[in-house]
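Novice: This structure is in structure tokens; I'll ask about it shortly.
Please treat every number below as a calculation from the coordinates, not as lab data. Treat the numbers as computed from the prediction; the structure is a model and nothing was measured. FYI the Cβ positions are ideal-geometry reconstructions off the backbone, even for glycines, and counts take in every protein chain you see.
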Amino acid sequence: MLKATFLGTGTSQGIPVIACECSVCKSFDYRDKRLRTSIYIETDNVKLVIDTGPDFRQQILRERIKSLDAILFTHEHKDHIAGLDDVRGFNYAQKRDMPVYARHNVIDALKREFAYIFAEYQYPGIPRINIHELKNEPFEIQGERIIPIEVMHYKLPVFGFRIQDFTYITDANFISDTEIEKIKGSKIVVLNALQKEHHVSHFTLEQAIEVIQKLNPEQAYFVHMGHRLGKHADVEKELPANIHFAFDGLTLEL
């Protein structure tokens with residue numbers, strides 16, 4: 001069993017974008033209201049979140065998530081780590097440190113951004129985390145096997161993750177043939193699709209569709225979408241039959 005809930009599906013600014021008057025930002029369709037990209041995954045063995053962006057608290061409360069076994073980080077950009085402080089709620093409720101899994105450059109960024117968590121003097125009430133360094137090799141959390149997928153976000157290496165037959169990738173514009181092989185056979189693939197126009201560090205809609213067609217999963221869902229991509233209802237009609245736009249709160253099951 002695997003259940004995945006999209007906590008957020010928007011790009012770094014979210015949608016609506018501050019001070020923007022475009023049709024997407026002014027849309028009344030709930031699917032066009034996108035918090036920063038993050039996902040909650042529950043299996044028979046483990047409950048985990050991938051990335052804690054600025055909206056982490058709001059997302060966890062919205063989905064009524066009461067327990068969490070671990071946090072995985074894809075990379076160190078602020079829209080993916082900024083909400084880590086709110087892990088305190090789980091510390092209090094579960095009475096234990098939160099296991100955090102990340103590659104070395106992300107750990108370095110967490111130590112800079114959240115220096116008080118790692119300070120020699122532990123101020124009362126700070127988040128309590130237990131760091132595990134990831135390399136590009138499979139690992140386990142509570143018996144659940146997880147396969148990192150290394151992708152490139154311009155020149156920054158980013159980890160996607162495959163759990164069972166579910167693969168989740170965000171903030172990518174290149175995936176090597178070696179990493180593509182790790183994804184093949186997934187029944188559901190989640191991939192970023194920022195906008196229709198060229199972007200230096202993200203797949204465009206066309207590029208994302210090409211990647212999905214190469215992988216040929218049963219179903220695919222796009223995330224990390226910007227307001228320039230267009231309204232959910234309009235662009236969804238342009239997609240191949242097995243490809244969809246994810247939206248905040250959408251739940252999938254395998």
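Novice: Put +1 on the Cβ of each Lys and Arg and -1 on the Cβ of each Asp and Glu in the stretch 134-238; which of Tyr154, Gly230, Gln164 then has its Cα farthest toward the positive end of the dipole?
Specialist: Gly230
Novice: Moving on. How high is the relative contact order of the chain, in percent, with contacts defined as C-alpha pairs under 8 Å that are six or more residues apart?
Specialist: 20 percent
Novice: Determine the dipole magnitude for the stretch 1-112: charges of +1 sit on the beta-carbon of Lys and Arg, -1 on that of Asp and Glu, nothing else is charged, the reference point is the Cα centre, and the result goes in debye to the nearest 20.
Specialist: 240 debye
Novice: Now, a different point. What lysines does Lys196 reach when the alpha-carbon gap must be under 16 Å and sequence neighbours fewer than 8 apart in one chain are set aside?
Specialist: Lys231, Lys237
Novice: Residue farthest toward the positive end of the dipole of the stretch 29-131, with Cβ of Lys/Arg at +1 and Asp/Glu at -1: which of Tyr92, Tyr40, Tyr123?
Specialist: Value: Tyr92.
Novice: At what distance in angstrom do the alpha carbon centres of the stretch 112-156 and the stretch 42-104 lie from each other?
Specialist: 11 Å
Novice: In nm, what is the difference between 0.36 nm times the number of residues separating Lys184 and Asn105 and their Cα-Cα distance?
Specialist: Using 0.36 nm per residue and subtracting the Cα-Cα distance, I get 25.7 nm.
Novice: Compute the acute angle (0 to 90°) between the alpha-carbon long axis of helix 205-215 and the principal axis of greatest extent of the alpha-carbon atoms of the chain; round to the nearest 10°.
Specialist: Tilt of helix 205-215: around 80 degrees.
Novice: Need one number: nm distance between label points at Asn130 and Asp234, each 7 Å from Cα along Cα→Cβ, rounded to one decimal.
Specialist: 5.0 nm
Novice: Next up: Among the lysines, select those whose C-alpha is under 23 Å from the C-alpha of Lys135, and discard any that sit fewer than 8 residues away in the same chain.
Specialist: The qualifying lysines are Lys47, Lys78, Lys111, Lys155, Lys182, Lys184.
Novice: For the chain, build the charge dipole from Cβ charges (+1 Lys, Arg; -1 Asp, Glu) around the Cα centre, then report which of Phe203, Cys20, Ala246 sits farthest towards its positive end.
Specialist: Cys20
Novice: Counting Lys and Arg as +1 and Asp and Glu as -1, each charge on the Cβ, what is the dipole of the chain about the Cα centre in debye, to the nearest 20?
Specialist: Charge dipole, the chain, about its Cα centre: 520 debye, nearest 20.
Novice: Here's another thing I want to ask about it. Please list 3J(HN,Hα) in residue order for the stretch 67-72, calculated via the Karplus relation 6.51 cos²θ - 1.76 cosθ + 1.60 where θ = phi - 60°; whole Hz, with x for glycine and proline.
Specialist: Result, ordered by residue: 9, 8, 8, 6, 10, 10 Hz.
Novice: Once the other residues with Cβ under 10 Å from the Cβ of Leu194 are scored (Lys, Arg +1; Asp, Glu -1), what is the net sum?
Specialist: 0
Novice: Next question, about the same structure. Please get the size of the charge dipole for the stretch 145-221, origin at its Cα centre, with Cβ charges of +1 on Lys and Arg and -1 on Asp and Glu, quoted in debye to the nearest 20.
Specialist: 180 debye
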